Amino acid sequence: MKRFKIKITGIVQGVGFRPFIYNLASAKSLTGFVLNNSEGVDIEIQGPENLLKEFLTEVPYKKPVISLIRELTHTEINVIKKESEFIIKSSKNLPGKFVLISPDLALCQDCLKELFTLSDRRFKYPFINCTNCGPRFTIIKDVPYDREKTTMSEFEMCSKCRTEYNAPSVRRFHAQPNACHDCGPSLSLKDSEGRSISADDIIEKAVDLLQKGKIIAIKGLGGFHLACDAQNEEAVFTLRKRKIREDKPFAVMVPNPDIAEKLVDLTENDIRILKDITSPILIKRKKEDSGIAESVAPNNKDLGIMLPYTPLHHLICKTFGKPLVMTSGNKSDEPIAFHDTEAISRLSGIADYFLIHNREIYMRCDDSVVREVNGHIYLLRRARGFVPFPVFLPKKSSCSILACGGMLKNTFCLTRDNLAFISHHIGDLENLETLNSFEEGIEHFKKLFSISPRVIVYDLHPEYLSTKYALDSKIEKKLGIQHHFAHILSCMSDNNLPNKKVIGVACDGTGYGEDGKIWGGEILIADYEGYERFAHLDYFPLPGGDSAVINPYKSAISLLIRAGVEEDIILNKIFPGYKEEYFIIKKMIETGFNTVDTSSLGRLFDGVSSILGIRNIINYEGQAAIELEQVSDPEINLSFSGNYFNKERRVLEYINLIKNVVKAKLEEKPTSEIGGVFHNSLVEMFISGISSAGEEFGINEVVLSGLSLIHI
Ligand code: ZN
Ligand code: ZN
């Protein structure tokens, strides 16, 4: 007879870990107890030594799928006499300690089955969940993760639910959001003024409205979606107009993988991704005969699709039976709405109806977006299903750090030990709502993970609201990090690289440089300690600064002038109708008035897109580059001839590239071909720069980072 004290840290709360331990111990007739503490799980277990060892070996292999064991240690302690059973003790709160928290998870197969079983007591219950699925991050107000510290605290469990909650052998044992028709949250339907609409069956009523082409704001896990029939052009167009979202694509939710396959080509791997507990939006090439309304993704060959991930989504999708537009519940660039009253006031000009419920969302969290390239999955937006799981850093940091992030697609990051807690997608820090969301998010993360940062890190761009926040912060130690160096460091950490020099390639749109210019096409020699700028895209003047970002023709004209393309060709063959703008830009470049030098690759893409007549003015970030990519033929193997890397000046030279693009355009080569050749030439340009860096520094590891364009 022996007794072990076992400590487990990691993601072991709210994921069915204690019932798992209870069942494993009980099956071996071991005695003792398990309890949650603020660090993880404590176990004391007693029995014959061979069975105890068996228990220790089996824990890491048989643990619940969504749990993550970071550390498991055991020590022998004194045997306790007269102990006859294994029990689950109530939680213990240790101040200053912390536990990892699970993300929100898609509905599990067991709950899905019950949802559509007529005899089940939760038949068609829109909030069915268990320890393997359901809301977590978005409903937690504080730690430890117990019902009273979540937004479920106001619902008192009925006797049946409580019995399940207290029965260790049941899937709902200590499932904090456990609920049913009798005791849990319920749905309501409201009109655009917030007046209740009565209906015998709210789901059927909502589906009927969708079939009639209405737009419904649906409250989900991390916020509101705006939903409408994805095959009804009029409905989608109306939504686009009301949302003031001119061209940026909408995501689509499909009832099941079979229907998804009618819209896009799916591999087995794609289906696995879609059905994963993280349930992300997957971007795929749209089929020609998909039947999806043109307004879902104008001028875009791709489509972002996802499967239903909450019971409410399953009920709606199954009844509706067709693809639904499911786009973030916001207007233009505001953050996603997540409180009922706020949603009704902000979305009342967009949604015809509101399908809401009385389970409060405490933290907003958007859908995650992934893209698959040659079998690899790339996260374009890391949010629901992933956050707040940490990224494990290669090295333990000596103190906690708050990194404030950039302006566009902001996320912040807090570290402790060797863990980096990257926030959910905050959005573009351009307005008060997003800034509030950023500040609230930071406070919430600090509380959840007991972090008091000692150092605050910011982007060098003086105008970013995140930078201003850092400079105004009470944290005394402040550290500015160059944007592209940060890109390379994040990629190194993400891939768990040790601290040695790499060739870091950042392909980006905008990043404030150490010389006050706008960087963006960079080759750095970097390690965790610092970097040296080895080479960059040769500077060209950006007339009008930020206004050039939304008017790609400005970059185009600047590049054409720099490349020495004749005025006559620019005015008559490339930009007829832009005579006035041309002379203004020419003057600005000559005098340097309101003009900043840039090595931005994003602006080079913009310029070429505009020269080829694809897009002169954009209405969402990266649109010109995305549309250039969309028309470019990926099968083209050719590239423009010429050496694009200048070893002496250490610059990537765009002049020949632009000249060749113009020549091909004047020869009336198809845009798809020119686009393809341009992309290949750019790759060769970088390869020659990278090779040169490799030879000079004797480094053969290359880290690629920078621009990730979100299409959703
Ligand atoms: Zn479940
Ligand atoms: Zn109940």
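The values are calculated or read from the model by the stated rules, or taken from the named source; none is laboratory data. All values derive from a computational prediction rather than experimental measurement. Glycine also receives a Cβ, built like all others from the backbone with ideal geometry; neighbour counts cover every protein chain displayed. Just so you know, the surface numbers come from the protein's heavy atoms only, side chains and all, with ligands and any DNA or RNA stripped out. Shrake-Rupley method; radii C 1.70, N 1.55, O 1.52, S 1.80 Å.
Filter the stretch 107-129 for residues that are of a type in the set (S, T, N, Q) and more than 16 Å from ligand 2 (Cβ to nearest atom) and give the result.
Keep residues of the stretch 107-129 that are of a type in the set (S, T, N, Q), which gives 109, 117, 119, 129.
Gln109, Thr117, Ser119, listed by residue number.
Here is the figure for the stretch 128-139: residues that are touching a helix residue (DSSP H, G or I) at 6+ places or on another chain (Cβ under 8 Å) and assigned to a loop (DSSP other than H, G, I, E, B) total 4. Just so you know, in the stretch 482-503 the residues that are under 16 Å from Asn700 (Cβ atoms) and open to solvent by 30 Å² or more (accessible area, probe 1.4 Å) include one that is nearest to the chain's Cα centre (by Cα), and it is Asn495. Among the listed residues Ala535, Ala506, Ala556, identify the single one that is closer than 12 Å to Leu601 by Cα and either surrounded by fewer than 21 Cβ atoms within 10 Å (Cβ to Cβ) or in contact (Cβ under 8 Å) with a residue 24 or more places away in the chain (or both). Every option except Ala506 fails the conditions. Considering only residues that are among the polar types (S, T, N, Q) and within 20 Å of Glu673 (Cα to Cα), look in the stretch 600-624 and name the one that is modelled with the lowest pLDDT. Among residues in the stretch 600-624 that are among the polar types (S, T, N, Q) and within 20 Å of Glu673 (Cα to Cα), the one modelled with the lowest pLDDT is Gln623.
Here is the figure for the stretch 101-142: residues that are within 24 Å of the chain's Cα centre (by Cα), away from ligand 1 (no atom under 16 Å from the Cβ) and among the hydrophobic types (A, V, I, L, M, F, W, C) total 3.
Quick one: how many residues across the stretch 156-182 are touching an Asp or Glu at 6+ places or on another chain (Cβ under 7 Å) and farther than 17 Å from Cys111 by Cβ? So the count comes out to 1. At least 2 residues being farther than 28 Å from Val505 by Cα is the threshold, and among the helices (runs of 4 or more DSSP H) wholly inside the stretch 557-642 those reaching it are 579-591. Looking at the stretch 409-421, can you tell me whether even one residue there is out of contact with any helix residue (DSSP H, G or I) (no Cβ under 8 Å at 6 or more places or on another chain), open to solvent by 10 Å² or more (accessible area, probe 1.4 Å), more than 14 Å from Ser493 (Cβ to Cβ) and assigned to a helix (DSSP H, G or I)? Within the stretch 409-421 (the criterion being out of contact with any helix residue (DSSP H, G or I) (no Cβ under 8 Å at 6 or more places or on another chain), open to solvent by 10 Å² or more (accessible area, probe 1.4 Å), more than 14 Å from Ser493 (Cβ to Cβ) and assigned to a helix (DSSP H, G or I)), the answer is no, since none of the residues qualifies.
The set of residues from the stretch 274-290 being surrounded by 20 or more Cβ atoms within 10 Å (Cβ to Cβ) and among the β-branched types (Val, Ile, Thr) comprises Thr278, Ile281, Ile283.
Select from the stretch 155-169 the residues that are within 16 Å of ligand 1 (Cβ to nearest atom) and surrounded by 15 or more Cβ atoms within 10 Å (Cβ to Cβ) and list them in ascending order. Scanning the stretch 155-169 gives Cys161, Glu164, Tyr165.
Hey, can you tell me all the residues within the stretch 22-42 that are closer than 23 Å to Glu148 by Cα and free of Cβ contacts under 8 Å to residues at least 40 places away in the same chain? Scanning the stretch 22-42 gives a single hit, Val41. Condition check for Arg172 on (1) away from ligand 2 (no atom under 16 Å from the Cβ); (2) over 30 Å from Ile377 (Cβ atoms); (3) buried (at least 23 other Cβ atoms within 10 Å of the Cβ): one failure, at (1).
Of the residues Leu51, Leu24, Leu68, which single one is more than 20 Å from Cys130 (Cα to Cα) and touching a Leu at 6+ places or on another chain (Cβ under 9 Å)? Of the residues listed, the single one that is more than 20 Å from Cys130 (Cα to Cα) and touching a Leu at 6+ places or on another chain (Cβ under 9 Å) is Leu51. Each residue in the stretch 144-154 was checked for being away from ligand 1 (no atom under 16 Å from the Cβ) and crowded, with 20+ Cβ neighbours inside 10 Å, and 4 pass. The numbered conditions (1) open to solvent by less than 10 Å² (accessible area, probe 1.4 Å); (2) in contact with a strand residue (DSSP E or B) (Cβ under 7 Å, 6 or more places away or on another chain) are all true for Val596 except (1). Take Leu266 and decide whether it is crowded, with 23+ Cβ neighbours inside 10 Å and without any contact (Cβ under 8 Å) to a residue 60 or more places away in the chain. Spelling it out, it is not the case that Leu266 is crowded, with 23+ Cβ neighbours inside 10 Å and without any contact (Cβ under 8 Å) to a residue 60 or more places away in the chain. Being within 16 Å of ligand 2 (Cβ to nearest atom) and out of contact with any Lys or Arg (no Cβ under 9 Å at 6 or more places or on another chain) is the filter; apply it to the stretch 130-153 and report the residue that is nearest to Lys219 (Cα to Cα). Filtering the stretch 130-153 for residues that are within 16 Å of ligand 2 (Cβ to nearest atom) and out of contact with any Lys or Arg (no Cβ under 9 Å at 6 or more places or on another chain), the one nearest to Lys219 (Cα to Cα) comes out as Gly134. Taking the stretch 626-650 as the range and being farther than 16 Å from Phe605 by Cβ and touching a Leu at 6+ places or on another chain (Cβ under 7 Å) as the test, only Phe645 passes. Taking the stretch 273-324 as the range and being touching a His at 6+ places or on another chain (Cβ under 8 Å) and assigned to a strand (DSSP E or B) as the test, the residues that pass are Ile283, Asp302, Gly304.
What about Leu221, is it within 16 Å of ligand 1 (Cβ to nearest atom) and surrounded by 20 or more Cβ atoms within 10 Å (Cβ to Cβ)?
Criteria met by Leu221.
For the stretch 422-446, the tally of residues that are free of Cβ contacts under 8 Å to residues at least 24 places away in the same chain and hydrophobic (A, V, I, L, M, F, W, C) stands at 1.
Check whether at least one residue in the stretch 435-451 is touching an Asp or Glu at 6+ places or on another chain (Cβ under 8 Å) and modelled with pLDDT of 95 or more, and report yes or no. Checked the stretch 435-451: no residue is touching an Asp or Glu at 6+ places or on another chain (Cβ under 8 Å) and modelled with pLDDT of 95 or more. The criterion of at least 3 residues that are touching a Lys or Arg at 6+ places or on another chain (Cβ under 8 Å) is met by the following strands (runs of 3 or more DSSP E) wholly inside the stretch 463-531: 518-526. Just one of the numbered conditions (1) among the polar types (S, T, N, Q); (2) open to solvent by less than 60 Å² (accessible area, probe 1.4 Å); (3) more than 40 Å from the chain's Cα centre (by Cα) is not true of Ser67: (3). Listed residues Glu433, Glu463, Glu439; which is in contact with a helix residue (DSSP H, G or I) (Cβ under 8 Å, 6 or more places away or on another chain), charged (D, E, K, R) and over 20 Å from Ser368 (Cα atoms)? Just one listed residue meets the conditions, Glu439.
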